[in-house]
Structure formats: structure tokens, C-alpha cells
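What follows draws every value from the coordinates through simple rules; no lab data is involved. Since the structure is predicted, the reported quantities are computational estimates derived from the model, not experimental observations. Backbone-built Cβ (ideal geometry, glycine too); neighbour counts: all protein chains shown.
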Amino acid sequence: MPLSMKAKRLWLRVIAWLFPERCIFCDEPIPSLTLCCEDCRRELLLIKPPLCPYCGMSKTDCNCRRRRHRYDRVAAPFYSDGAAHEGLLRLKRIDDPQAIAYFADQMAATVRREYGEESLHVAAAVPMMTADRYERGYNQSELLAKAVAERLGIPYVAVLTKCYATQPQKALSAWERAGNVLGAYDVEQASLIVDKTVLLVDDVLTTGATTDECAKMLKLYGAARVLCVTAAIRRPKPKKQ
Ligand SMILES: [Zn+2]
Ligand SMILES: [Zn+2]
């Protein structure tokens, strides 16, 4: 016998009570179908166009003096202060498909807006060491890259590999970061990227050292252009006067 509407609603309430939905940023329980809590919604900092193509920040916030990188352009939907930062930390603990879908929607929209005139051929992700990936069970940048590629209708290619373990970038200065990742990445199946415009996907861009190193390798193996998209960009702290 089919369940009556009333019984169905009651069942859904029991499920919601047993397994409350969680804010995709801070992991607090939230009413169903709201995706994130009010606090996080308020604390989400959008990067408003026009963007600086070199650092990816709003031109009004940019202080990079057109510093060149190995990648051709970078863009992201959010600054990593506040809610986006919490959300990306959470993504390292839980591979929440809702959070992946949310960030991928925002990243794909940013790509369409910023790189609309480019013809993107393939998407690649900043890789993790095989052992680290095994331990975590997934690489959040790869999940984002696959979801963004699907939204843009381009193939995801697993061409980048990480050849040796590096120190966590977090504790290092900008110069140390570049040295730390030097030579850490390699390219497999280079034929997939030769003469192609590659969309390089990562979760967060801080100094750009990791994306720079990956872009360098992609170009070394024949990629024509490398355009980056990340879920968030970290703003440098204002220099003390
Ligand atoms: Zn929240
Ligand atoms: Zn800039």
C-alpha cells in the first residue's frame, strides 16, 4: 500500500531529526534545504568583478603590481576569510557532496564570467601524494575539478601527479613556499594536454606557489595556456604602516 502524504511527511521529519542537515561551511545543524546557516551566509565574502587577472582579487583590493605567474590567469568566487575558509577546512574532513556541488556551481559561474571568451579544453586538479589521498580517501581539489568540468562540459584529466611529500605550506613564507613545492609535481599522459588550454583547479590560492609549480609543469609538457580557478583566494594581511 502506498504511503499517504501525511505518513511521508512524518517519515521525512523523523529522518531530519535523526540526521539533521549540516551547514556546508561550519557544520552546525540547520533546517533542511537551507544549505548553510545565517551566520555563514552573512560571512561569505564574494570577490566582486572586475578582477585582477594576476592575483584574482577585485581590482579595488589588488596590491600585486601585476606580478607575473606561470599560470595565465586566476579567478575564484570567494575570499577565503570567514565562511569560505571554514567550508574549505570542513571539506578536508568530510567529502560532503552538497558542499562540493555548491562550490563547483560558484566556480563554474566564475569561469563562465571571467573566461567566457577562452576555449577551455580540459580540467586538471592540483594532486596529492597517493599515500595522503589514500589516507583521506579523496582529494578535495580533484572532486572540485571533476564537478566543475562536468558543469562546463569539458573532460577532467588526471595528468598531474605529486612525486614527493612537501611540508605543509601553511607555516612557510612566500619564498619558502615556492622552494618547498619546487619539482614536487609531474605530468603523466602529456598527450592529453599538448596545445590545450587547461583549467587548473584547486581549493584555495594563497601565494600561488603550488598552482604556479603545477602550471609550470603543464606548460613544460606542452599545454598552451593554463587558467586557474579556485574556490577561494586568501587576501594577504595588510602590511603594518
Ligand atoms: Zn554555518
Ligand atoms: Zn592583482
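Values as computed for the structure displayed
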quantity: Fluctuation leader among GLN167, GLN189, GLN106 - the chain, Gaussian network, Cα springs under 10 angstrom; calculated: GLN167
quantity: Spin-label model distance (nm) - SER119 vs ASP132, 7 Å beyond Cα toward Cβ; calculated: 3.6
quantity: Most fluctuating residue given options ALA149, ALA99, ALA190, as computed from a GNM of the chain linking Cα atoms under 10 Å; calculated: ALA190
quantity: Student exercise, the chain dipole from Lys, Arg, Asp, Glu Cβ charges, in Debye to nearest 20; calculated: 620
quantity: Mean Cβ count within 10 Å, highest first, over the residues of peptides 218-228, 204-214; calculated: 204-214, 218-228
quantity: Cβ-based charge dipole, the chain, positive-most Cα from ALA190, ALA149, CYS40; calculated: CYS40
quantity: Nearest 10 degrees, 0 to 90: helix 83-93 Cα axis against the chain principal axis; calculated: 90
quantity: Förster radius 30 Å - calculated FRET efficiency between ALA7 and GLU38 (Cβ-Cβ, nearest 0.05); calculated: 0.40
quantity: Descending semi-axes in Å of the range 68-223, equivalent ellipsoid built from Cα gyration tensor; calculated: 21, 20, 16
quantity: Low-density loop cleavage sites - trypsin sites (Lys or Arg not before Pro) in the range 25-110, where at most 15 other Cβ are within 10 Å (DSSP); calculated: LYS59, ARG65, ARG66, ARG67, ARG68
quantity: The range 39-131: C-alpha gyration tensor shape, a/c 1.5 cut-off, then a/b vs b/c; calculated: oblate
quantity: Tail fraction, Cα-Cα pairs, the range 139-223, threshold 20 Å, whole percent; calculated: 35
quantity: Choice from LEU51, LEU120, LEU172 showing the highest fluctuation, given a GNM over the chain with Cα pairs closer than 10 Å; calculated: LEU172
quantity: Mean Cβ neighbour count within 10 Å, used as a protection proxy, ranking 17-24, 159-166 highest first; calculated: 159-166, 17-24
